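Okay, structure first, notes after.
Read-outs: derived from the displayed coordinates by stated rules, not from any lab. Because the structure is a prediction, the values reported are computed rather than measured. Every residue, glycine among them, receives a Cβ derived from its backbone with ideal geometry; neighbour counts consider all protein chains shown.
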Amino acid sequence: MPLRVVVAGATGVVGRKLLPLLREREHHVTALVRKTDRLEDVPADEVVVADVLDLEGLSDRLRESGPDVVIDQTTGFGAADRDEAMRRTAKLRASGSKNLLDAAVQAGARRFIAPGMTAAYRPHGHDVLDEEAPLWTEAPGCWGEVVRALASMEEEVLTRAGIEGFVLRYGSLYGPDTEYAPGGDIHARVCGSELPLVVDGMGLTSFTHVDDAAGVVLEFLEGGDPGVYNVVDNEPAECSEWLPAYARMAGGPAPVSLTADQAKAQLDWLTVHQLTEQRGATNFRIRETLGWRPTWPSWREGFANLFGLWPG
Ligand SMILES: NC(=O)c1ccc[n+]([C@@H]2O[C@H](COP(=O)([O-])OP(=O)(O)OC[C@H]3O[C@@H](n4cnc5c(N)ncnc54)[C@H](OP(=O)(O)O)[C@@H]3O)[C@@H](O)[C@H]2O)c1
């Protein structure tokens, strides 16, 4: 049945992939954007201008749209400065997502789909974590701010009366227009020998191709039980595996090797954490409960596709 769907973050990497998928399935799509200068690029039935940090304007716009489902794909991670990006993201999760949830409830929406991150899991215990693992709310610095805001947002989304809440915890997003694509930050750091291998570190990364980050949303418009789902590929990878493979496929130099102490002296805290202690995530729950399978089951094929090395 066609639904009325509102997408916040419609101009983002995932948002731009999601809109056409929704329209192909004949849903009525309202794109929520905060600037008027990119409206013609947004393939939606209706475009409304609102900032998710402005509850009043947001509530008015959502009431007019009368949505069945509201999807949040906003983030502040696009900011050039990493600390600023984290602060903006923390604010968006602490205030923006909650405003969107309030506005969705007031507008009579039946479902709310929120963005989570598998990178927010506390690094302890098993190498590969499921949805029951705790988020790292006591993490240091700006990262701690992001995780605490995420945890609080997730709690609200899952417990709010009158609406079914879903949290999709994505892995590290890669694919066209992401940080991993030419022009993106990871691509630049790898090609500039600024992302080393930490020889005594065992950081794991779970990846999610942007096709899967967008496509999985369709599963939750009507299906699935409310709750939290890891949306990641099948192959969490140590940096000693994915980083040299990525560098090779990107045509960059082989990554230099550092000890953990050298890495701590040369790199920012979050990068060291990711390379040395971050855990991966399993997609077992979403596979078992919804039968979901990633279009890109492994970053190996996904990276190859990104650099035109994958047949077909
Ligand atoms: N990248 C990753 O590795 C990763 C990992 C886990 C989860 N995620 C989550 O995945 C989702 C999609 O990420 P993405 O890479 O597609 O993001 P993106 O390309 O950076 O797009 C972010 C979107 O948020 C919008 N936005 C920012 N502040 C806003 C505000 N105050 N009001 C309304 N809209 C606002 C932006 O609009 P403008 O065009 O106006 O700037 C843009 O459309 C995000 O929720 C992110 O947190 C990402």
Original post:
TRP310 to ASP37: extension gain in nm, 0.36 nm per residue of separation minus the Cα-Cα distance?
Top reply: 94.7 nm
**OP:** Could you work out which residue, out of ALA245, ALA119, ALA90, moves most in a Gaussian network model of the chain, that is, has the largest mean-square fluctuation with Cα springs under 10 Å?
**Re:** ALA245
Original post:
Is the range 87-134 best put as rounded, prolate or oblate by its Cα gyration tensor, with a ≥ b ≥ c the root eigenvalues, rounded for a/c under 1.5, and otherwise prolate when a/b is larger than b/c, oblate when not?
Top reply: oblate
**OP:** Based on a Kirkwood Rh over C-alpha pairs, give the Stokes-Einstein translational diffusion coefficient of the range 1-124 at 10 °C and viscosity 1.306 mPa s in µm²/s.
**Re:** 108
Subject >> Cα long-axis angle, helix 97-106 against the chain (0 to 90 degrees, to the nearest 10) >> reply: 20
Original post:
Which lysines does LYS98 reach when only Cα atoms under 27 Å apart count, and residues fewer than 8 places away in its own chain are ignored?
Top reply: LYS17, LYS35
Original post:
With each pseudo-label sitting 7 Å past Cα toward Cβ, what's the GLU64-ASP102 distance in nm, one decimal?
Top reply: 2.0
**OP:** Scale the Cα Rg of the chain by the rule-of-thumb value 2.2 N^0.38 Å and send over the ratio, two decimals.
**Re:** 0.98
Original post:
Using 1/(1 + (r/R0)^6) with R0 = 25 angstrom and r between the beta carbons of THR159 and HIS126, what's the FRET efficiency to the nearest 0.05?
Top reply: 0.40
Original post:
Which length gain, in nm to one decimal place, applies between ARG23 and LYS264 when the Cα-Cα distance is subtracted from 0.36 nm times their residue separation?
Top reply: 82.1 nm
Original post:
Summing -39500 (n - 2.57) over the DSSP H runs of n ≥ 4 in the chain and dividing by its residue number, what mean residue ellipticity at 222 nm do you reach, to the nearest 500 deg cm²/dmol?
Top reply: -11500 deg cm²/dmol
**OP:** Between ALA254 and MET202, take the C-beta separation as r, use R0 = 22 Å, and let me know the FRET efficiency to the nearest 0.05.
**Re:** 0.65
Original post:
Where the centroid of each part is defined by its Cα atoms, how far is the range 77-104 from the range 205-234 in Å?
Top reply: 20
Original post:
With springs only between Cα atoms under 10 Å, which of ALA181, ALA214, ALA161 fluctuates most in a Gaussian network model of the chain?
Top reply: ALA161
**OP:** Give me the distance between the Cα centres of the range 23-40 and the range 253-312, rounded to whole Å.
**Re:** 31
Subject >> Approximate spin-label separation GLU56-GLU138, in nm, with each point projected 7 Å along Cα-to-Cβ >> reply: 4.2
Original post:
If the chain between PHE284 and ASP177 were fully stretched, how many nm would it gain, using 0.36 nm times the residue separation less the Cα-Cα distance?
Top reply: 35.7 nm
